[in-house]
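The values are calculated or read from the model by the stated rules, or taken from the named source; none is laboratory data. These figures come from a predicted structure and were not determined experimentally. Positions of Cβ are backbone-derived with ideal geometry, glycine not excepted, and every protein chain shown enters the neighbour counts.
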Amino acid sequence: MTFDEIIEFRASNRRFDPDTPVPAKVMERALKHATLAPNSSNMQLWEFHWVSTPEVKKALAKACLGQGAATTAKELVVVVARRNLWRKRVQWHRDLIMKDAEKVGLEAKSTQLRLKYYTKLMPFTYANDGLGLLGLVRRMMSFSIGLFRPMYRAKGTAQQKVTVHKSAALASQNLMMSLASQGFHTCPMEGFDEVRVKRLLGLNRGAEVTMVIGVGKGTEKGFWGPRRRVPMEEVLIKH
């Protein structure tokens, strides 16, 4: 398909064909494409839980409030934001930087900039103390420095959550567009019981479910009418 055709094909479908399986290779390719999505500071604070086991899938569909996009899906993917893995990702970046430094040198400007970014800025951005004091410090510093020059306005946990869920949503779109390009439909769901979903998947308290995506071959009944959008002039503002 052309890109325009993929965009037109990818529309949420809520009733999937029970007789058409989604090949494992299709899912693996789409999940690989999901991991290539752009994300904040390349921290990749996400996980993709591919649910295909019948018993787990049935329980997950129930946790998704029994909606058709979940109960009829041949495969289900739970996209999870993992803000609590930031230390692990910082270490991963540090290891990569030190490996690259073997070629360019530890004192190289690029090495020092990357080290400063991932070992200083990222901890400052993601660290929390449980009382919100670090968030207050970030706000005060951002305000003070921002009086004199443009800067990223670092805040508290709410902003951190928005950041990681943005990245997880970008990855979700990659996943759905990849599946569309391979002839399969999807339906992203926000209607689910997060407590039960996390319990089912064995996720800890720090994990946050962004969405659950149903995958399969869509049916005509699965489309709830034609795709409608508000006029472009209502959402496009040129400056």
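Computed quantities for the displayed model
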read-out	value
Residue match in region 1-12 (condition: in contact (Cβ under 8 Å) with a residue 40 or more places away in the chain, crowded, with 17+ Cβ neighbours inside 10 Å and within 25 Å of Phe192 (Cα to Cα))	yes
Residue in region 128-138 that is under 21 Å from Lys32 (Cβ atoms) and not small (Gly, Ala, Ser) present	no
Test: residue in region 140-161 that is crowded, with 19+ Cβ neighbours inside 10 Å, in contact with a helix residue (DSSP H, G or I) (Cβ under 7 Å, 6 or more places away or on another chain) and hydroxyl-bearing (Ser, Thr, Tyr)	no
Hits in region 193-230 (condition: among the charged types (D, E, K, R), closer than 19 Å to Arg83 by Cβ and modelled with pLDDT under 95)	Arg205
Elements of type helices (runs of 4 or more DSSP H) contained in region 154-239, each with 3 or more residues being aliphatic (A, V, I, L, M)	157-181, 194-201
Set Ser52, Ser40: member being out of contact with any His (no Cβ under 8 Å at 6 or more places or on another chain) and modelled with pLDDT of 95 or more	Ser40
Qualifying positions in region 170-201 - under 17 Å from Asn13 (Cα atoms), surrounded by fewer than 18 Cβ atoms within 10 Å (Cβ to Cβ) and under 14 Å from the mean Cα position of the chain (by Cα)	Gln173, Glu190
Criterion: closer than 29 Å to Gly225 by Cα and at pLDDT 95 or above - qualifying residue of Leu113, Leu65	Leu65
Subset of region 13-60 (residues that are part of a loop (DSSP other than H, G, I, E, B) and of a type in the set (A, V, I, L, M))	Val22, Leu36, Ala37, Met43, Leu45
Residue list for region 134-153, filter: under 29 Å from Met211 (Cβ atoms) and either touching a strand residue (DSSP E or B) at 6+ places or on another chain (Cβ under 6 Å) or in a helix (DSSP H, G or I) (or both)	Leu134, Gly135, Arg138
Test: residue in region 28-50 that is surrounded by 15 or more Cβ atoms within 10 Å (Cβ to Cβ), more than 25 Å from Val164 (Cα to Cα) and among the small types (Gly, Ala, Ser)	no
Residue under evaluation Ala61, criteria (1) surrounded by fewer than 18 Cβ atoms within 10 Å (Cβ to Cβ); (2) under 22 Å from the mean Cα position of the chain (by Cα); (3) free of Cβ contacts under 8 Å to residues at least 24 places away in the same chain, criterion not met	(1)
Some residue of region 75-83 being more than 25 Å from Arg205 (Cβ to Cβ) and at pLDDT 95 or above	yes
Residue, farthest from Ala37 (Cα to Cα), within region 64-89, restricted to residues that are without any contact (Cβ under 8 Å) to a residue 40 or more places away in the chain and assigned to a helix (DSSP H, G or I)	Thr71
Residues of region 115-133 classified as closer than 23 Å to Trp46 by Cβ and not in a loop (DSSP other than H, G, I, E, B), total	9
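Okay, residues lined up against (1) among the aliphatic types (A, V, I, L, M); (2) within 24 Å of the chain's Cα centre (by Cα):
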site	(1), (2)
Ile6	yes, yes
Pro38	no, yes
His49	no, yes
Lys74	no, yes
Val79	yes, yes
Lys88	no, yes
Lys103	no, no
Thr111	no, no
